[in-house]
Amino acid sequence: MKSLSRLVSAAALGTVAALTLAACSEPAAPDAEQTGNADSGAGTLTVYTSEPQAKIDALVAEFTAETGIDVEVFRAGTGDLTARIEAERTTGTIGADVLLAADAPTFEGYKAEGLLQQYTPADVNALNPDVVDPDGYYVGTRIIPTVIAYNTTAVDAPPTAWKDLADSKYRGQITLPNPDVSGAAAFNTAVWLSTPELGESWLEALAANDPVVAESNGPVGQAVAAGTQPVGIVVDYLVRELAAKGSPIALRYPTDGIPYISQPAGIVTGSDDTEAARKFVDFLVSKQGQELAVKQQYLPVRGDVGTPDGAPALSDLALLTPDLQEITKIQDDAVRKFNGLVG
């Protein structure tokens, strides 16, 4: 695709903000910027992503060192990315070659709308089949479970299941991310509501405990680590990162089912450099790319690269694998229901 300017005009950002969708991931930091080689010219591969800035910078650096392909990145929350894409569609040109964002329902929607190319990545048989789109339009690149985090100095007997959080003893002590901002949170809400053992009655009980709704997963982890909210619902890698820095925070993988996102990657229809885009997708799920994911505290999508220190094997986790087409259908309604209950 055409190389992006490193600076986005205020008018363009205003258009994006106005179009922001509900299903979204972590927001960009206030000073988030596009990264990559500003002088690389029209041949540069362009990636739209919701990956944290430091992680995508490391990923791009390793990919470029391996392949010699320059990459320009636009980093924002999934909601801002989808809004940008929607705005660009009205002009007839989407600026991305590759989309690397949080939740599969976003990709299911784009697949249905013809915005993604079919591509089966190299070494696909080494991947967890649950993260590979059976129609070949996208592939998951890491397993990101949502867990129960707790402050180890404030909580002696941490909750071990989602049902525990409905207990009135946790009233006012829980924080969780906003599903209007976080793609993981939106996805989780739909999964909880579609899980018979939880469902609407559990969500109502959780809401009755007056949880604090933070902007995204990052502030949730920080609140738990600081002890301002002793219990949090948050993605697991953030807890490992905070604990590694010495924060009094730990996690429990809920025994009654663990929702997860897979940070899918897909190649945009109309990419000017499909060959480079395929190499990027291949790299993401390659052994080398997945070893980097593990170093970045992610659970991998292949079984030959280990897991982060202190993390369990995927086979030991009760991961929930719902029908993604069904989750896509109900996710917007699920977020509206959450907002109505939690406010």
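The values are calculated or read from the model by the stated rules, or taken from the named source; none is laboratory data. It should be emphasised that the depicted structure is a prediction, and the values quoted were computed from it without experimental measurement. Don't worry about glycine lacking a Cβ; one is built from the backbone with ideal geometry, like all the others, and counts go over all protein chains shown.
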Exercise for the section: Could you please tell me which pairs satisfy a Cβ distance under 7 Å, a separation of 6+ or placement on different chains, a first residue in the range 150-179 that is within 18 Å of L238 (Cβ to Cβ) and assigned by TED's automatic domain parsing to the domain that holds A205, and a second residue that is modelled with pLDDT under 95 and surrounded by fewer than 19 Cβ atoms within 10 Å (Cβ to Cβ)? Expected result: N178/E215
Fill in the blank from the handout: Counting only residues in the range 100-141 that are among the small types (G, A, S) and surrounded by 15 or more Cβ atoms within 10 Å (Cβ to Cβ), the one farthest from V47 (Cα to Cα) is identified as A126
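One line per residue, one yes/no per condition, for (1) touching a residue at least 24 places away in the same chain (Cβ under 8 Å); (2) farther than 20 Å from S50 by Cβ:
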residue	(1), (2)
N217	yes, no
P230	yes, yes
V235	yes, no
G246	no, yes
P254	yes, yes
I261	yes, no
Practice task
May I ask you to verify whether G246 is assigned by TED's automatic domain parsing to the domain that holds P219, at positive phi, surrounded by fewer than 19 Cβ atoms within 10 Å (Cβ to Cβ) and assigned to a loop (DSSP other than H, G, I, E, B)?
Solution key: yes
Practice task
Please work out if E241 is modelled with pLDDT of 95 or more and surrounded by fewer than 16 Cβ atoms within 10 Å (Cβ to Cβ).
Solution key: no
Problem - Single residue of T269, T307 found to be in contact (Cβ under 8 Å) with a residue 60 or more places away in the chain, polar (S, T, N, Q) and surrounded by fewer than 24 Cβ atoms within 10 Å (Cβ to Cβ) - result: T269
Completion exercise
The residue that is farthest from V181 (Cα to Cα), considering only those in the range 191-238 that are among the acidic types (D, E) and assigned to a loop (DSSP other than H, G, I, E, B), is E197
Handout entry: Subset of the range 52-93 (residues that are in contact (Cβ under 8 Å) with a residue 40 or more places away in the chain, in a loop (DSSP other than H, G, I, E, B) and surrounded by fewer than 22 Cβ atoms within 10 Å (Cβ to Cβ))
Key = I69, T93
Handout entry: In the range 284-304, the residues that are of a type in the set (G, A, S), surrounded by fewer than 22 Cβ atoms within 10 Å (Cβ to Cβ) and touching a Leu at 6+ places or on another chain (Cβ under 8 Å)
Key = G303
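Each row is one residue, and each column tells you yes or no for (1) within 27 Å of A243 (Cβ to Cβ); (2) at pLDDT below 95; (3) out of contact with any Cys (no Cβ under 6 Å at 6 or more places or on another chain).
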residue	(1), (2), (3)
R171	yes, no, yes
P179	yes, yes, yes
T189	yes, no, yes
E197	no, yes, yes
L206	yes, no, yes
P211	yes, no, yes
A214	yes, no, yes
N217	yes, yes, yes
Problem - Scope the range 264-299; condition at pLDDT 95 or above, in a loop (DSSP other than H, G, I, E, B) and not hydroxyl-bearing (S, T, Y); matching residues - result: Q296, Q297
Practice task
Scan the range 105-119 residue by residue and report those that are in a loop (DSSP other than H, G, I, E, B) and among the hydrophobic types (A, V, I, L, M, F, W, C).
Solution key: L115
Exercise for the section: Determine which member of the set A102, A122 is within 21 Å of the chain's Cα centre (by Cα) and assigned to a loop (DSSP other than H, G, I, E, B). Expected result: A102
